[in-house]
Amino acid sequence: MNSDAKSIISNGKAILGIEFGSTRIKAVLIDPEHRPIAQGSHTWENQLVDGLWTYSIEAIWYGLQDCYADLRRNVKEQYDIEIETLAAIGVSAMMHGYMAFNKKQEILVPFRTWRNTNTAKAAAALSELFVYNIPLRWSISHLYQAILDNEEHVNDIDYLTTLAGYIHWFLTGERVLGIGDASGMLPIDPQTRDYSSAMIDKFDKLVAGKGYQWKLADILPKVLLAGENAGFLTPDGAKRLDVSGHLKAGIPLCPPEGDAGTGMVATNAVKPRTGNVSAGTSSFSMIVLEKDLSKPYEVIDIVTTPDGSPVAMVHCNNCTSDLNAWVNLFKEYQELLGVPVDMNSVFEKLYNHALTGAPDCGGLLAYNYISGEPVTGLAEGRPLFVRSANDKFTLANFMRANLYAAVGVLKIGNDILFNDEHIKVDKITGHGGLFKTKGVGQRVLAAALNSPISVMETAGEGGPWGMAILGSYLVNNPSILSLAEFLDEKVFAGNTGIEIAPEPEDVAGFDAYIRTYKACLPVEQTAVKVK
């Protein structure tokens with residue numbers, strides 16, 4: 001038993017970070033030195049309801065409560081104590097999406113997640129109006145699409161927020177949002193570090209004829225920077241989080257953030273010329289910019305770090321889901337043979353075997369599109385594996401093709417940044433499930449981006465840890481360091497992770513793969529039309 005950790009928890013010095021991911025809700029408890037000392041999790045899945053991806057309100061709260069209960073169990077098992085109070089709490093979640101509420105705090109339509117691609121018409125119209133790339137998944141796209149579709153609920157909107165903003169609101173009573181997550185609701189003005197007032201005016205004029213009871217600025221959360229106080233856990237919020245009743249009210253909360261922001265914090269990538277790649281169910285890269293891009297690009301979103309610096313984000317709806325499905329097929333085969341299955345071993349053997357394949361995958365090609373992929377213009381997706389009779393169909397090439405597919409769309413977006421915009425990056429750090437098998441996902445990503453990739457020990461579970469660090473930044477920063485200084489001096493203190501440089505033959509092979517990948521996109525488009 002770690003007696004230091006026990007006294008930290010019993011004295012209320014521990015900090016809790018919670019993150020709502022696509023398939024898991026995770027909680028991490030850290031000590032004042034930012035070391036994880038307990039954790040909990042809850043597995044969940046989105047549902048396709050009336051053609052839209054959603055999670056029910058009941059699933060959100062049950063998931064949060066079960067995740068926290070799992071954390072309590074972990075604390076009880078390790079330290080034989082209850083969590084009574086905490087130094088700080090932070091909540092993060094999948095970015096963007098649409099949660100609209102009326103004056104009674106009732107949700108007006110089911111939560112529409114980042115995964116939905118029904119907003120193409122609205123996103124295109126707003127991008128033209130704002131002269132700024134507005135992605136399909138941003139909250140403003142969802143709002144305007146609902147207006148274009150004449151949805152009755154729009155007139156009754158009193159508050160519009162993200163999943164992280166919603167949880168935070170019901171825990172604290174505060175209608176606020178961290179700037180990183182807010183930048184995925186509506187573009188941020190880098191000078192004011194608030195929503196763009198010019199774009200708010202343009203939007204209000206655009207919908208003025210509809211006669212709605214609200215103006216856009218009135219229904220959005222207040223924007224907060226990392227380190228600013230975002231309220232305190234209310235008695236009702238404490239009961240919502242901890243149904244056992246042990247947790248006390250009054251705990252400070254830091255601004256709620258999106259999973260992109262927590263990824264930047266967890267990888268120490270909030271300074272210009274740093275970047276990170278999160279690769280799990282979906283993937284995204286975040287490159288912190290030194291200067292504005294020369295023009296808007298449909299496949300590059302401009303968001304911000306949790307302290308307000310501009311970031312070029314390439315977001316891909318699909319990453320490891322189809323890859324995991326293939327690995328599960330091999331698991332089934334192993335079970336048929338009567339061989340005991342250890343999934344970590346299955347992943348490790350298949351992933352490492354992939355590295356023995358041809359750098360161009362022997363001509364094999366995979367599309368991992370479980371859902372639509374806006375970067376390549378697909379509103380829907382169909383997972384496909386494609387080969388010609390003359391391609392080298394081996395297990396190593398097959399697995400390598402599927403690993404390439406996991407980051408193929410990410411490469412297409414980042415080629416614009418590095419080749420067309422000549423963006424310079426000193427360091428890119430990877431985190432997320434793709435990097436759990438040591439060295440493999442890292443080498444594949446290095447080939448895709450033609451850049452050295454670092455991975456830290458926290459690579460598999462970065463998000464909730466990053467959110468807990470933002471909680472620490474709120475309460476453990478007496479000298480008022482900038483977020484970048486705080487991360488450098490207090491959190492990472494020289495830990496840069498393990499770096500892998502791109503192999504020239506891998507880079508050439510991935511370039512060949514991606515040329516074929518782009519040329520064969522009509523095959524994917526046809527599959528969507530006919531099946």
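In table form, for the structure just shown:
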item	result
Of residues in segment 204-227 being assigned to a loop (DSSP other than H, G, I, E, B) and surrounded by fewer than 15 Cβ atoms within 10 Å (Cβ to Cβ), the one modelled with the highest pLDDT	Lys215
Which numbered condition Ala100 fails, given (1) crowded, with 19+ Cβ neighbours inside 10 Å; (2) in contact with a Ser or Thr (Cβ under 7 Å, 6 or more places away or on another chain); (3) modelled with pLDDT of 95 or more; (4) not in a helix (DSSP H, G or I)	(2)
Of all residues making up segment 115-136, the number that are out of contact with any Ser or Thr (no Cβ under 6 Å at 6 or more places or on another chain) and either among the polar types (S, T, N, Q) or open to solvent by 20 Å² or more (accessible area, probe 1.4 Å) (or both)	12
In segment 358-405, the residues that are open to solvent by 10 Å² or more (accessible area, probe 1.4 Å), under 26 Å from Ile300 (Cα atoms) and among the polar types (S, T, N, Q)	Thr376
Residue in segment 453-464 that is modelled with the lowest pLDDT, counting only those that are within 12 Å of Phe492 (Cβ to Cβ) and touching a His at 6+ places or on another chain (Cβ under 9 Å)	Thr458
Where a residue in segment 388-409 is touching a residue at least 60 places away in the same chain (Cβ under 8 Å) and its partner, wherever it lies, is of a type in the set (D, E, K, R) and open to solvent by less than 10 Å² (accessible area, probe 1.4 Å), with Cβ under 7 Å and at least six apart	Val409/Glu373
Filter result (of a type outside the set (S, T, N, Q), more than 20 Å from Tyr297 (Cα to Cα) and part of a helix (DSSP H, G or I)) within segment 406-447	Ala406, Gly433, Leu434, Phe435, Val440, Gly441, Arg443, Val444, Leu445, Ala446, Ala447
Residue that is nearest to the chain's Cα centre (by Cα), among those in segment 471-480 that are at pLDDT 95 or above and of a type in the set (A, V, I, L, M, F, W, C)	Leu474
When residues of segment 185-203 are limited to those that are open to solvent by less than 40 Å² (accessible area, probe 1.4 Å) and of a type outside the set (Ser, Thr, Tyr), the one nearest to Glu84 (Cα to Cα)	Met185
Tabulated pairs, segment 498-519, first loosely packed, with under 13 Cβ neighbours inside 10 Å, second among the aliphatic types (A, V, I, L, M), C-beta under 9 angstrom, 6+ apart or interchain	Ala501/Ala446; Ala501/Ile453; Glu505/Ala447; Lys518/Ile412
Ala269 vs. criteria small (Gly, Ala, Ser), part of a loop (DSSP other than H, G, I, E, B) and buried (at least 18 other Cβ atoms within 10 Å of the Cβ)	yes
Among the candidates Gly165, Gly180, residue that is open to solvent by less than 30 Å² (accessible area, probe 1.4 Å), touching a Leu at 6+ places or on another chain (Cβ under 7 Å) and not hydrophobic (A, V, I, L, M, F, W, C)	Gly165
Among the residues listed as Asp307, Asp322, Asp292, the single one being touching a residue at least 12 places away in the same chain (Cβ under 8 Å) and assigned to a helix (DSSP H, G or I)	Asp322
Residue identified as more than 19 Å from Gly441 (Cα to Cα) and either assigned to a loop (DSSP other than H, G, I, E, B) or modelled with pLDDT of 95 or more (or both) among Val327, Val339	Val339
Condition met for Asn74 (open to solvent by 10 Å² or more (accessible area, probe 1.4 Å) and either touching a helix residue (DSSP H, G or I) at 6+ places or on another chain (Cβ under 8 Å) or at pLDDT 95 or above (or both))	yes
Considering residues of segment 284-321 that are surrounded by fewer than 21 Cβ atoms within 10 Å (Cβ to Cβ) and among the charged types (D, E, K, R) only, the residue nearest to Gly377 (Cα to Cα)	Glu298
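The values are calculated or read from the model by the stated rules, or taken from the named source; none is laboratory data. Since the structure is predicted, the reported quantities are computational estimates derived from the model, not experimental observations. Reconstructed Cβ throughout: ideal geometry from the backbone, glycine too, with neighbour counts over all protein chains shown. Quick note on the areas: whole protein, heavy atoms, side chains included, nothing else; ligands and nucleic acids left out. Shrake-Rupley method; radii C 1.70, N 1.55, O 1.52, S 1.80 Å.
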